[in-house]
1. Restricting the search to the stretch A:270-313, which residues are more than 20 Å from A:Val247 (Cα to Cα), in a helix (DSSP H, G or I) and among the basic types (Lys, Arg)?
2. What is the one condition in (1) closer than 24 Å to A:Ala157 by Cα; (2) aromatic (Phe, Trp, Tyr); (3) within 16 Å of the ligand (Cβ to nearest atom) that A:Tyr272 does not satisfy?
3. Can you tell me which residue is farthest from A:His248 (Cα to Cα) among those in the stretch A:94-109 that are more than 16 Å from the ligand (Cβ to nearest atom) and away from chain B (no Cβ under 14 Å)?
4. Please go through the stretch A:160-190 and give me each residue that is in contact (Cβ under 8 Å) with a residue 12 or more places away in the chain, under 12 Å from B:Ala80 (Cβ atoms) and in a helix (DSSP H, G or I), ordered by number.
5. From the set of residues in the stretch A:131-167 that are more than 7 Å from every other protein chain (Cβ to nearest Cβ) and of a type in the set (Ser, Thr, Tyr), which is nearest to A:Phe193 (Cα to Cα)?
6. If you check A:Asp170 against the conditions, is it surrounded by 21 or more Cβ atoms within 10 Å (Cβ to Cβ) and of a type in the set (D, E, K, R)?
7. Which of the numbered conditions does A:Glu123 fail, given that it passes all the others? Conditions: (1) touching a His at 6+ places or on another chain (Cβ under 9 Å); (2) within 14 Å of chain B (Cβ to nearest Cβ); (3) crowded, with 19+ Cβ neighbours inside 10 Å.
8. For the stretch A:188-211, which positions are under 20 Å from A:Gly241 (Cα atoms) and buried (at least 22 other Cβ atoms within 10 Å of the Cβ)?
Amino acid sequence: MTVQELPGAAAYRPTPPPAWKPLTDPAPLLPDPEPYRVLGTDAVADADPELLLRLYAELVRGRRYNAQATALTKQGRLAVYPSSTGQEACEIAAALVLEERDWLFPSYRDTLAAVARGLDPVEALTLLRGDRHTGYDPREHRIAPLCTPLATQLPHAVGLAHAARLKGDDVVALAMVGDGGTSEGDFHEALNFAAVWRAPVVFLVQNNGFAISVPLAKQTAAPSLAHKAVGYGMPGRLVDGNDAAAVHQVLGEAVARARSGGGPTLVEAVTYRMDAHTNADDATRYRVESEVEAWRAHDPIQLLERELTGRGLLGDDGIEEARAAAERMAAALRERMNADPVLDPMDLFAHVYAEQTAQLREQEARLRVELDAEQDQHGCDDVEEGR
Amino acid sequence: MTTAAATAGERTAKAKPATMAQALGRALRDSMAQDPTVHVLGEDVGTLGGVFRITDGLAKEFGDNRCTDTPLAEAGILGAAVGMAMYGLRPVVEMQFDAFAYPAFEQLISHVAKMRNRTAGAMPLPITVRVPYGGGIGGVEHHSDSSEAYYMATPGLHVVTPATVEDAYGLLRASIASDDPVVFLEPKRLYWSKADWSPEAPVSVEPIGRAVVRRPGRNATLITYGPSLPVCMEAAEAAVEEGWDLEVVDLRSLVPFDDETVAASVRRTGRAVVVHESSGFGGPGGEIAARVTERCFHYLEAPVLRVAGFDIPYPPPMQERHHLPGVDRVLDAVARLQWEAES
Ligand SMILES: Cc1ncc(C[n+]2csc(CCOP(=O)(O)OP(=O)(O)O)c2C)c(N)n1
């Protein structure tokens, strides 16, 4: 039944609804249509040469780390390795924009960010080697455990940043997530919490084109992932993820904004995963070589190297020095990873609860008996062999 | 926990009738007053005081930074609590209803329960997750689930559930003081149950993980917890007429499980019935019956029986009385305990 059909409809005048006004003006929150770039543009004039050189050295080291870790999977020294080759600019910038008191919330792919932040390269790999879940004390380094369930670390970053602010500490949390992870509920809940609480958090989405095999077009219908920020009431920034200077600048601004009480920012870094998802993945099943080649021409190390050599800030010696330092790091990593980790099976029961339950004590005792029996068995074998 | 007991013990006042809801609220208040790192967060916990009013007055007394209305997102609430705990706070999270805690399962299972373990002890998470659970209040769909089996199956979590007003206070204080995450299940149909209790009077705050014998008896043990305790107490009284002297054990804590108290009771009585309202198949009763059998086989005069909710999704409110184990169903089970074999 329409309004006209109602008795007395002729006299009916709907009361106007209460005035509506948006809570936030969306315009300043919207990302630029094109990823922001510094290298090869006028903006590079403002970049600090020392910072560029530091970024360069870290990128070279990072790439070598990825190559070394991937090689270690082939030797059976790592169970698996998700390489971030091609994405080093995002990884390194994320680590370098943070102050010591800040926190990093990495995903499983972000070993490089953790190492660039100063974490021992071997400690960063224990999860992937398979000897411990987290080989370091998160509080000591202010790096949360590398997170395997997608996007679940994002609300943690929000909670931590919120807690820090409540305590009066000017600490910022930077949380990293992939393009696929932006489809998870936790991503949305984290962004919403962060914006409502004005928590000092920076979300860095590394859009590397694929979630395992699924391309971005099947992940989202949004104009960009950075656009997602607007709906939550925070600025979205789109940046060329292979331009280390641009990523550092954009993240730096976001961190400064967060630290000064301006609230969270969502940064989408457009990059490309040059290797397969992990060493166990076959990328030829879902992408074409021409696409990979196009991105190879936009390599983050080459981009920076060209800029630095063009301006006479870096010569052959400097390049050689960076490579040699990376080689030394790789050799040390190789050597240390070739030693078998010493593990105590009793550790299985050590960190389930603050105080062990009676049930766990019983199970621990049972395992101890099994291990002792095993030991006796081996002992006998040794004796027999010795005979 | 000892500190909580001491503080509570210093005060004295006359006991007045108080509800479990009031005792829970008082436990939150006292914990927050004692420890500035205790923060309450959840949906509607601030101005409204929670839909069950457990957090009533906390935002007023401690400010909305200590008792915070969050956006409506359970994974976000618990996930944020993880980060807060990582930074040294002691969050107490309220899940509005049992079945609405499910969106937060990923956070609970993958992070809350495992963070201590993942970090080799470096990063314990002292989070208390309060979940009003169970039926019997005429709630419509998704408001009456008993979800304890899911929590029990997750190593790294403590799972506790009070059945008395005094335990509601003591166990909640102990949970908040615990350095481990605790899923604190609140039997919502007991929220308005009363006891002569005074928060000013000495209250025993025991460590989590101890069962208690609520009623001594010689012939059989009823093993139960939370909302089914009053049912079992009533059944035990009714059983006297039938000539059965029943012992009632209130578990209070499902994880850790107090094998000692339970096994000692069953060894004395030789017979046992586990009573709970969550579904029987794959439910807590199976685990408990197996544990009792393993420890008491040679003392048992009969198989351990279970009286549980049916293996159905929680029924509509007008049907829930058929689902919930009542006194008759408990007595029926007691009758099936092969008494004739004794003679
Ligand atoms: C909750 C969850 N679902 C599924 C997976 C399995 N998985 C691991 S990585 C991955 C793809 C992630 O893609 P993206 O977020 O784009 O990150 P990238 O690997 O490209 O860095 C999937 C589906 C997971 N780890 N967590």
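The values are calculated or read from the model by the stated rules, or taken from the named source; none is laboratory data. On a predicted model such as this, the values are computed, not experimentally measured, just so you know. Note that each Cβ is placed from the backbone with ideal geometry, even for glycine, and that neighbours are counted across all protein chains shown.
1. Answer for the stretch A:270-313, where residues must be more than 20 Å from A:Val247 (Cα to Cα), in a helix (DSSP H, G or I) and among the basic types (Lys, Arg): just A:Arg285.
2. Among (1) closer than 24 Å to A:Ala157 by Cα; (2) aromatic (Phe, Trp, Tyr); (3) within 16 Å of the ligand (Cβ to nearest atom), A:Tyr272 violates only (1).
3. A:Glu100
4. Scanning the stretch A:160-190 gives A:Leu160, A:Ala161, A:His162, A:Asp186, A:Glu189, A:Ala190.
5. Per the criteria, the residue is A:Thr148.
6. On the way: surrounded by 21 or more Cβ atoms within 10 Å (Cβ to Cβ): no; of a type in the set (D, E, K, R): yes.
When the stated conditions are applied, A:Asp170 does not pass them.
7. A:Glu123 satisfies every listed condition except (3).
8. Selection gives A:Val201, A:Val202, A:Phe203, A:Leu204, A:Val205, A:Gln206, A:Asn207, A:Asn208, A:Phe210.
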